[in-house]
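Comments concern the structure below.
A short reminder: the numbers here are calculations on the coordinates, not readings from a lab. All of these numbers come straight from a predicted model, not from anything done at the bench.
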2 protein chains.
Amino acid sequence: MGLRGVSIIGIGSTPFGILEGRTLKEMATVACNEAIKDAGVERSQIQAFYIGNYIAGMILGQETIAALVVNSLGLNREIPSTKVEGACSSASIALRQGHLLVATGVYDIVLVAGVEKMTSASTEKVTQALASSIDMETEGLTGLTFPGYWALIAQRHMYEFGTTIEQLGMVSVKNHNNAVFNPRARFRDPTTLDEVMSSRLITDPLKLFDCCPVADGAAAAVLCAAEMAEDFTKKPVDIIGIAQTTGYSSLYEQAQLVTLPATVSAAKKAFEMAKLKPEDIDVVELHDCFTPAEIVDAEDLGFFEKGKGGWAVEEGITQVDGRLPINASGGLISKGHPVGATGLGQAYEIVKQLRGEHENQIKGAEIGLTHNAGGTGAVCCVNILKRR
Amino acid sequence: MGLRGVSIIGIGSTPFGILEGRTLKEMATVACNEAIKDAGVERSQIQAFYIGNYIAGMILGQETIAALVVNSLGLNREIPSTKVEGACSSASIALRQGHLLVATGVYDIVLVAGVEKMTSASTEKVTQALASSIDMETEGLTGLTFPGYWALIAQRHMYEFGTTIEQLGMVSVKNHNNAVFNPRARFRDPTTLDEVMSSRLITDPLKLFDCCPVADGAAAAVLCAAEMAEDFTKKPVDIIGIAQTTGYSSLYEQAQLVTLPATVSAAKKAFEMAKLKPEDIDVVELHDCFTPAEIVDAEDLGFFEKGKGGWAVEEGITQVDGRLPINASGGLISKGHPVGATGLGQAYEIVKQLRGEHENQIKGAEIGLTHNAGGTGAVCCVNILKRR
């Protein structure tokens, strides 16, 4: 199977946050238009469109948004347009579908996007919608939702490895302080460990500042065949590793609580495809929906030995000036988590880093990784991106 | 771009109807297991899974069902699993994604499915969920739902072309009488034009018998590279034409009411790919969500001149013993319309016809076509299948 190289030649994003008065369709349109302009492609050159979205049906009563956005953008209506869903991984799935079809030569230029509008719905409605990725015939019936899910994992990680509540808090402090520089972030105030530790308890051991906020937002990218990329941009970013895997739809099915098997297998596949190892990565955006997720994910991705993730945070390794900067954007914790858009939001941040254009720039970043998990680890996408 | 041939080597389906006590996950699992068994593949040989679903999030609170079904089936969790959505075209989109990835050589064997569980929810909830494919920022706000949408089209078709209410009714009679033979159909009682014409008015000119019923159901297919197909089955069915296009998300945007542009463009592409013309097709399953849809779609697919579809029905051309049998399964009108499953339900019926195994067999059928439309024609998929 001879796949050709695929590059990201254009990116677009709305801010992530409370975007009052901006509709789902409008946000997706804004992000896509920005990506199209950034790429310098003509609308008529776009041959397919994929959009990731998770809960717009449940909280806004709007489905079939791929066609909606094709119409709003004024693209050629003869192209296929598809919504893909894999919980909080939805936008990364859109990226992968686009990648596959360019890599195989089916298309030369594909537009991919992700969008979510969450802040206009009630907390109850959003909480119920987010829980829909859990198996509603089994574990979902227990009333488990995601703060509880990650609290269970955190408790076990603390029990098995001695990870501390302060280490969880340090993830939050780092990500909040990174977001100060990011104009796309929902929370841009710096914070301290004291503030994090004294924030309201949500579900033991997680406090308010250990949890990512809901957000409105959209992000998009234009993909093209690597061999054509420099016709459009001086700064193409190549997708050199990309993988999507399946995990468990319920926590009770997992043999261990301290690892997400879908992350482990997606990372393995993406590194194999890129012919790289974890130590080759310069900058990472990973799925820190809750502070323990950043620790567990960093271990599962192979950056740290299982159980050592908390100490890596404590030692400053994941700070912007550390050996492996993680979530320099502020991550989900501070940038915000518009669930169906997050994966391409991460890609947006990494592309900016690799172009040397990020507001919280990691000096000399050449290779970046995004990690985007959905549900109870039911879906995982890992992408490795490289500047030319 | 050299695409290789792709075959359907296994099919599975639940009955379509009121499947009390059978859950979404269970129905998808049953259909997939039947397709896997029919294909004679090992679970470990399946390299990717796509599932179409439209409204399970909105009416059951269950998303991320691709992973759910991979777990339920006991497939290898390292494979990618993706839910795709394009309103009532969702299952056909799953089929097309699978086709593309086998055709390009990314995978050799892919499982695709579609599922919907509708009859356990209230009519209000289902009606609202189905309307979610309309642009909720514009036309959706008017309260238009699909019976009204197709009534508008029917009125205009009658005005422009003299199509009669009786011709609409004859579609219903034909499809009801076809379903008598189909054990998968929801409605299996024969009917008469009198009964159809005297059924309750829903939205002028549509009566109850002009409307398809909601249903529970799932359908699935195993796809593999055409060159490998005979290793698994003596009766492979080749996908020789396949297309997915985008149309309008609102009726008010369309220049004409009597045609769905997405059907016209999808048919054109599918026939071009198959190097065939409409007169080469032996048997058709098309998207008769309402009786006028069967007439409009048959015209848009190129089987009859625009405006002549009603007369084709009246002349018996679309009967099982006519020149072009349409919806020998009973169609959506009588077989039922579990929205996210319908597209693969159609493929199931056509594969049975081409294998010579259908309960309402069209003699000598060699080439069949499925047509599956979503929303206000926002998405359309057309597939052309051929027996070896």
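Descriptive notes on the structure:
- Volume in Å³ per residue [convex hull over Cα atoms, computed for the stretch A:58-128]: 92 Å³
- Computed log₁₀ I(q)/I(0) - Debye formula, equal Cα scatterers, no solvent, the stretch A:218-317, q 0.12, 0.23 Å⁻¹: -0.52, -1.29
- Per-residue ³J(HN,Hα) for the stretch A:230-236, Karplus 6.51 cos²θ - 1.76 cosθ + 1.60, θ = phi - 60°, Hz, x for Gly and Pro: 6, 5, 10, 9, 7, 10, x
- Span from the the stretch A:288-312 Cα centroid across to the the stretch B:1-68 one, whole angstrom: 35 Å
- Relative contact order (percent, whole number), chain B, Cα cutoff 8 Å, 6+ residue spacing: 26 percent
- The per residue volume of the convex hull around the alpha-carbon atoms of the stretch B:1-146 is 129 Å³.
- The stretch A:118-273: radius of gyration over Cα atoms, expressed as a fraction of 2.2 N^0.38 Å: 1.28
- Divide the volume of the convex hull around the Cα atoms of chain A by the residue count and you get 123 Å³ per residue.
- Remark: the stretch B:337-388 projects, on average over all directions, an area of 3.9 nm² (convex hull of Cα atoms).
- The Cα center of the stretch A:369-383 and the Cα center of the stretch B:227-270 differ in position by 32 Å.
- Cα-based Kirkwood hydrodynamic radius, the stretch A:262-388, one decimal, Å: 14.2 Å
- The angle between the Cα long axis of helix B:261-274 and the longest principal axis of the Cα atoms of chain B comes to about 40 degrees, rounded to the nearest 10.
- 20 °C / 1.002 mPa s Stokes-Einstein diffusion coefficient of the stretch B:84-168, Kirkwood radius on C-alpha pairs, µm²/s: 133 µm²/s
- q = 0.25, 0.29, 0.33 Å⁻¹, the stretch B:58-98: log10 I(q)/I(0) [Debye, one scatterer per Cα]: -0.97, -1.07, -1.11
- If you bin all the Cα-Cα distances of the protein assembly as shown at 10 Å, starting from zero, the percentages per bin are 3, 16, 26, 25, 17, 8, 4, 1, 0.
- Taken along its principal axes, the alpha carbon cloud of the stretch A:1-70 reaches lengths of 42, 27, 22 Å, longest axis first.
- Principal-axis tilt of helix A:24-39 within chain A, Cα atoms, nearest 10 degrees: 60 degrees
- Relative contact order computed over the stretch B:254-320 (Cα-Cα under 8 Å; 6+ residues apart), in percent: 31 percent
- Note on the stretch A:302-353: semi-axes of the ellipsoid equivalent to its C-alpha gyration tensor, largest first and rounded to whole Å, are 22, 13, 10.
- Debye-sum result for the stretch B:135-192 in log10 I(q)/I(0), which assumes one identical scatterer on each alpha carbon, at q = 0.12 Å⁻¹: -0.47
- Degrees, to the nearest 10: A:90-103 long Cα axis against longest axis of chain A: 40 degrees
- Note that the stretch A:347-358 has calculated 3J(HN,Hα) couplings of 4, 4, 5, 5, 4, 4, 4, 6, 7, x, 10, 7 Hz, one per residue in order, obtained from phi through the Karplus relation 6.51 cos²θ - 1.76 cosθ + 1.60 (θ = phi - 60°); glycine and proline are x.
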